[in-house]
Amino acid sequence: MKDTVKVPEQFEPIFRKAQEYVAKYFTEMERDPTKGTLAISGERYILVRAASMSVDFFDTIRKLYKDQGEEEAHNIAKQFLFDIAHSIGMQDARNFHLKQGLKDPVEKLSTGPVHFAYSGWAFVNIFPESTPSPDENYYLLYDHPYSFESDSWLRAGRQTVYPVCVMNSGYSSGWCEESFSLPLVASEIMCKARGDAACRFIMAPPSRIEGRIKDYLKKEALGGRRIAKYEIPGFFKRKQLEDERRRAEEQLAQNEALLRQAQKMEAIGRLAGGVAHDFNNLLTAIDGYSVFLLESLSAGDPRRADVEEIKKAGERATALTRQLLAFSRRQVLAPQMLNLNIILNNMQKLLSRLIGEHFELSLLPELALDTIMTDPGQVEQVIMNLTLNAKDAMPGGGRILIETHNVYLDEVATGRHEFIPVGQYVQLAISDNGPGMDAETQSHLFEPFFTTKKEGKGTGLGLSTVYGIVKQSGGYIYVYSEAGLGTTFKIYFPASAPAAAEPVAAPVCAEPSRGGAETILVVEDEALVRGVICRTLREKGYTVLEARDGTEALDILAGTDKPVGLVLTDLVMPKMGGVELGKRLKADYPRIKVIYSSGYTDEAIIQTTGLKPGTSFLQKPVTQQALLRSVARTL
């Protein structure tokens, strides 16, 4: 005789057998008040007053969270009760199945409702349309006519607008989930404590529960019945919310660290750019006066060797300042549309020769690669520096792989990195199978003069130059490395459409420099630099006028009767800088041509001052040959 559960006829045999298992289990009960113990079939149990886990618990939570409102208090209580009940249901099922030696999923499930009845939770009435299959089609529709939770509310003379049989939902879905090894969730769609005729539940996999409930409600609506608000509990939802908050806090901490690193790199860049600016002015004088000395010495004069060494030292210093300018993003670029695959193909033989026969160089390009807008010479510098860096990391030889890819970075991908915008990028990846780097080394990797090489083996500017070039090109660079697992540098250049080029440095070409008889106004606030430029031009036959700033230059132009054909002006000067001077010249002296020059060619100056593409520009330190070629070409 089966009287502890009501099921469709086809399930009668298996549930009758389940009742035998459970009845025998609960018959073996031992109570010993002298020890405060209650045991069933050898398992310790406790008795808990039903209301303390339902209406009284909700009241306690409501008082604790009264500042957050009735609905939020209800949600907190519901989440806690569902989570603990779901967990208890799974553990009770596992323990009972093990003790009874049950293997078949349906047989395991059948003991749940009977166990439910014997332990005082509720009587279960399973409807015929239920299909308890061990897959996504699992569906259980059932009532709890005597649910301890709704009964507790009604006994307290209380009615609620929410379904309250939360523990029943959790325990029953936990038992069934353990039985079928299938994630399941139960939702109460009708509740007697809310005034409904029954406490009715639907159980299904989480991915299907919403659809199952909607189908049921649609059918009920066609029959003239409307069901009030229902809720779908989420297992450990509060834990999920806490995990999400923890992840958000970790992401915030990571972003703050990235911001601090970016600010540090920006500060170092400004310092490096400022040093390079001032140093470039000094180098212009060193190079210029070295040339004057060499020209004054005969070919056999023994002092020529000393002067030539001074000039060579100046040239090496010039190379260092250009690297500092690259890092600080204060060099002038000549961007154009290009394909990285073509650059790599042209460089392959050169790279192979540079790294030597002990290294295996492999290129893995994406065939239909997007174009990017950047300076080809600077990209070649990036590839060269990173390849040589990989070589230096593997003194005994190894493998170097260079790849290109079209990539789309979405919110998830960009969230892992420093403020990189969502969009389409061209990725350049250079990897080696060397010893790798620890986190401390990586944190300083792009700083100027930081190096892990032995003293005298490197300047520490190779990777900082790469960093500056990539940043000035609108790109992003990241390093991935672990000790013993090699290193990969990944660079992301924005995929680009054709655009107008920025002002570019006057190209160095093979045409001979020549003198002339024209009048040139040199505007430069640094006396050493002004002296070198003026002397060089005068020695080539030009008539030279000198001014220390833009205001003085305009005064000279207004007071001279010489036909000035060219103004060579520094960009950054006191009183009036070169940009403002250029605007005044264009308005008042439109026939006078202008060449701009600076040792501090800040990206903002070049891109926001109104200088148009093709504007003549000389990057300091200015050599005599570059100066004379630029003047001759402009005139």
| Residues located in the range 1-51, provided they are in a helix (DSSP H, G or I), loosely packed, with under 10 Cβ neighbours inside 10 Å and within 58 Å of the chain's Cα centre (by Cα) | 10
| Of residues in the range 52-74 being among the small types (Gly, Ala, Ser) and modelled with pLDDT of 90 or more, the one surrounded by the fewest Cβ atoms within 10 Å (Cβ to Cβ) | 52
| query | Among 575, 593, which is on the phi > 0 side of the Ramachandran plot and charged (D, E, K, R)? | reply | 575
| query | Got a number for residues in the range 92-136 being within 47 Å of the chain's Cα centre (by Cα) and free of Cβ contacts under 8 Å to residues at least 24 places away in the same chain? | reply | 2
| message | Under 7 Å between Cβ atoms, which residue pairs at least 6 apart in sequence (or on different chains) link something in the range 420-431 that is open to solvent by 10 Å² or more (accessible area, probe 1.4 Å) with a partner that is among the polar types (S, T, N, Q) and modelled with pLDDT of 90 or more? | response | 427/404
| task | Could you tell me whether residue 174 is open to solvent by less than 30 Å² (accessible area, probe 1.4 Å) and of a type outside the set (Phe, Trp, Tyr)? | result | yes
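Pick out the one residue from 77, 93, 85 that is open to solvent by less than 10 Å² (accessible area, probe 1.4 Å), more than 26 Å from residue 197 (Cα to Cα), part of a helix (DSSP H, G or I) and in contact with a Phe, Trp or Tyr (Cβ under 9 Å, 6 or more places away or on another chain).
93
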| note | With criteria (1) of a type in the set (S, T, N, Q); (2) open to solvent by less than 40 Å² (accessible area, probe 1.4 Å); (3) at negative phi, residue 100 comes up short on (2)
| message | Taking the conditions exactly as written (at pLDDT below 65 and assigned to a helix (DSSP H, G or I)), does residue 413 satisfy them or not? | response | yes
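The values are calculated or read from the model by the stated rules, or taken from the named source; none is laboratory data. It should be emphasised that the depicted structure is a prediction, and the values quoted were computed from it without experimental measurement. Here Cβ is always computed from backbone atoms with ideal geometry, including for glycine, and neighbour counts include all displayed protein chains. Heavy atoms of the whole protein, side chains included, go into the accessibility calculation; ligands, DNA and RNA do not. Shrake-Rupley method; radii C 1.70, N 1.55, O 1.52, S 1.80 Å.
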